[in-house]
Amino acid sequence: MMLDLDHFKVLNDRYGHEAGDKALRDFGALIPSRIRRDDGFYRFGGEEFVILFRDLGAERVKTVTQAVHAKTSDVVDSPGGKISFSAGVAVLQAGQDMDAWLAAADQALYRAKAEGRNCVRYSSAGPSG
């Protein structure tokens, strides 16, 4: 699951980098309590993050990722309001390399942003949505 904080540049530009840094720290502190202990949570760069769900299985991906989004988006406060995020999800396919897998999640993320933000979208190889 690749996450990107919505309208983060506006927060930084309007309220300063200190407010942006605090929002990143607060968001980063929230996620581990919303995922399983064995899942991985990583900052990918800027305001992008990645959650790796271990041994989740394609049949449960949509339920779990929608629940994480519902419990996490619009929770963290900032001077500009609650922080929402868009997400793209890709399920690692047999024989797929890391670059292709991340590219699929990234394409789904950009679809989420293009379709209004604050939502989760899935790669064509995963659940529909």
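Of all alpha-carbon pairs in region 1-59, indicate the percentage at a distance above 13 angstrom. Can you show the working numbers first?
On the way: 1092 of 1711 pairs.
When every Cα pair of region 1-59 is considered, 64 percent fall beyond 13 Å.
How large is the charge dipole for the chain, taken about the Cα centre, if only the Cβ atoms of Lys, Arg (+1) and Asp, Glu (-1) carry charge, to the nearest 20 debye? Please list the in-between numbers first.
Working: 17 positive and 18 negative charges, 70 e Å.
Value, rounded to 20: 340 debye.
Got a sec? What order do ASP99, ASP6 fall in by accessible area at 1.4 Å, biggest, i.e. largest, first? It would help to have the intermediate numbers written out before the result.
Details: ASP99 120, ASP6 15 Å².
Final ranking, largest accessible area leading: ASP99, ASP6.
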Backbone HN-Hα couplings from phi across region 92-100 [Karplus 6.51/-1.76/1.60, Hz, Gly and Pro as x]:
5, 9, 4, x, 7, 8, 4, 5, 5
How far apart, in nanometres, would the label points at ALA94 and PHE41 be if each is projected 7 angstrom from Cα along the Cα-to-Cβ direction?
3.3
With point charges of +1 on the Cβ of Lys and Arg and -1 on the Cβ of Asp and Glu, referenced to the Cα centre of region 54-123, which listed residue (GLY81, VAL61, VAL91) lies farthest in the positive direction of the dipole?
GLY81
Starting from the Cα of SER33, move 7 Å in the Cα-to-Cβ direction to define the label point; list residues of region 73-89 whose amide nitrogen is under 16 Å from there.
73-78, 83
What are the ³J(HN,Hα) values, in whole Hz, obtained from phi via the Karplus relation 6.51 cos²θ - 1.76 cosθ + 1.60 with θ = phi - 60°, for each residue of region 112-122 in sequence order, with x given for Gly and Pro?
4, 5, 5, 9, x, 6, 6, 8, 10, 10, 10
Once phi for every residue in region 13-26 is put through the Karplus expression 6.51 cos²θ - 1.76 cosθ + 1.60 (θ = phi - 60°), the whole-Hz ³J(HN,Hα) values, with Gly and Pro written as x, are 5, 7, 10, x, 5, 5, 5, x, 4, 5, 4, 4, 5, 5
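Leaving ligands, DNA and RNA out of it, report the carbon-plus-sulfur percent of the accessible area of region 27-114 at a 1.4 Å probe.
On the way: 2520 of 4800 Å².
Roughly 52 percent of what the probe reaches on region 27-114 is carbon or sulfur.
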For region 68-129, state which trypsin sites (Lys or Arg not before Pro) are in a DSSP loop and have at most 16 other beta carbons lying within 10 Å of their beta carbon.
LYS82, ARG117
Can you give the three extents of the C-alpha atoms in region 60-129 along their principal axes, from longest to shortest, in whole Å?
44, 22, 19
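In Å², and per residue, what accessible area does the chain have when probed at 1.4 Å with the other protein chains present?
Working: 7060 Å² over 129 residues.
Normalised by residue count, the accessible surface of the chain is 55 Å².
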Based on the alpha carbons, how large is the Rg to Rh ratio for the chain when Rh follows Kirkwood?
0.96
Report the number of Lys pairs in the chain whose alpha-carbons are under 18 Å apart, with separation of 8 or more residues or on distinct chains.
8
Placed amide H near ASP74: partners under 5 Å, 5+ positions off or other chain
ILE83, SER84, PHE85
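Once you mark the GluC sites (Glu not before Pro) that are in a DSSP loop and have at most 11 other Cβ atoms within 10 Å, what is the longest gap between them in the chain? Please report the intermediate quantities before stating the final value.
Values: sites that count: GLU59, GLU115.
With GluC sites (Glu not before Pro) excluded where exposed in loops, the chain gives 1-58 as its longest stretch.
The values are calculated or read from the model by the stated rules, or taken from the named source; none is laboratory data. As the structure is a computational prediction, the values presented were derived from the model and not from experiment. As a convention, Cβ positions derive from the backbone with ideal geometry for all residues, glycine included, and neighbour counts pool all protein chains shown. Calculation scope for accessible area: heavy atoms of the full protein, side chains included, ligands and nucleic acids excluded. Shrake-Rupley method; radii C 1.70, N 1.55, O 1.52, S 1.80 Å.
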